[in-house]
Amino acid sequence: MGHVLQLKNVSKTFGEVAALHHVNFEVGANEIVGLLGDNGAGKSTLVKIITGYHHPDVGGELYWRGNRIDRLTVAKARDLGIEVVYQERALADKQTLWRNIFMGRELSNRFGALDVNAMRRETKKLMRTVMGFTSAAVTSESVVKTFSGGERQGVAITRALYFEAELVILDEPTMGLSLSETKKCLDFVTGIKKAGKAAIFIDHNIFHVYPVVDRIVVLDRGTVAGQFMKNELTLQELTERLYLVAQTGHLEKAK
């Protein structure tokens, strides 16, 4: 399996604070990687490096599909196909579904004018084929503020996939969701893999991450405490090993 993304020996310091220490991290093509860690573990800093907001300290290297990328920027990351779905579910609540799907990337006709009909048409197709909105009560003209949390996450993930994201980064997407809405959100995560794309699923709740990922990486105080394929450990064994991280800062790789 080839790699979509590789970080080699990545460190990041802010003044005297070291947020990441010599981190090696990778995501394979069509792989869902669960990134676990408590607050302060370095998850946010790692994401900001991957998305071009921060640059690693001297010596750190970033590769995209095997090619080294020097000085990654936010614009370059998006051009490569890296998209982030934040826990805040950054949608325009007062706007319609179709406007949210195409916000900032509106379709135009051959005269250069906004092609509203095309955007509505594409949204209807996405509702049927990706989002699973089958109720007549929900249309492309529905206002997003009437959607549930899980549905909003679905809109954000669908938008990323529609614009050909190769790597979708999910920043605690289940935060604040009910049990049923969490299930709906996890179904969308599974849909990323079915679409042939890769994802990083960031969370601190192992019960959400475990069912949908292929591999799990544990960050602790800025270092990779351990990583393993999900099929190497049961959920019970993983829970026990995460307890070891809290106690020792190290998680042995599963045998």
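The values are calculated or read from the model by the stated rules, or taken from the named source; none is laboratory data. This is a predicted model, so every value here is computed, not measured. Positions of Cβ are backbone-derived with ideal geometry, glycine not excepted, and every protein chain shown enters the neighbour counts.
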What tally of residues in region 188-217 results from selecting those that are among the acidic types (Asp, Glu) and without any contact (Cβ under 8 Å) to a residue 24 or more places away in the chain?
0
Suppose the filter is surrounded by 18 or more Cβ atoms within 10 Å (Cβ to Cβ) and touching a Phe, Trp or Tyr at 6+ places or on another chain (Cβ under 7 Å); does Gly149 pass it?
no
Pairs with Cβ under 6 Å, 6+ apart, first in region 218-234 and farther than 11 Å from Leu35 by Cα, second among the basic types (Lys, Arg) and part of a strand (DSSP E or B):
Met229/Arg215
I'd like to know if region 71-80 contains one or more residues that are more than 24 Å from His204 (Cα to Cα), crowded, with 21+ Cβ neighbours inside 10 Å, without any contact (Cβ under 8 Å) to a residue 40 or more places away in the chain and among the small types (Gly, Ala, Ser).
yes
Looking for something without any contact (Cβ under 8 Å) to a residue 12 or more places away in the chain, assigned to a helix (DSSP H, G or I) and more than 23 Å from Leu179 (Cβ to Cβ) - is there at least one such residue anywhere in region 128-141?
yes
Which of the residues that make up region 188-207 are under 14 Å from the mean Cα position of the chain (by Cα) and either part of a helix (DSSP H, G or I) or at pLDDT 90 or above (or both)?
Phe188, Val189, Thr190, Gly191, Ile192, Lys193, Lys197, Ala198, Ala199, Ile200, Phe201, Ile202
Determine if region 58-69 includes at least one residue that is among the aromatic types (Phe, Trp, Tyr), buried (at least 21 other Cβ atoms within 10 Å of the Cβ) and either touching a His at 6+ places or on another chain (Cβ under 9 Å) or not in a loop (DSSP other than H, G, I, E, B) (or both).
no
List pairs: first in region 148-162 and hydroxyl-bearing (Ser, Thr, Tyr), second in a helix (DSSP H, G or I) and crowded, with 23+ Cβ neighbours inside 10 Å, Cβ under 9 Å, 6+ apart or cross-chain?
Thr158/Ile101; Thr158/Met127; Thr158/Phe188; Tyr162/Ile101
All positions within region 169-180 that are surrounded by fewer than 18 Cβ atoms within 10 Å (Cβ to Cβ), outside any loop (DSSP other than H, G, I, E, B) and either touching a residue at least 40 places away in the same chain (Cβ under 8 Å) or not polar (S, T, N, Q) (or both)
Leu179
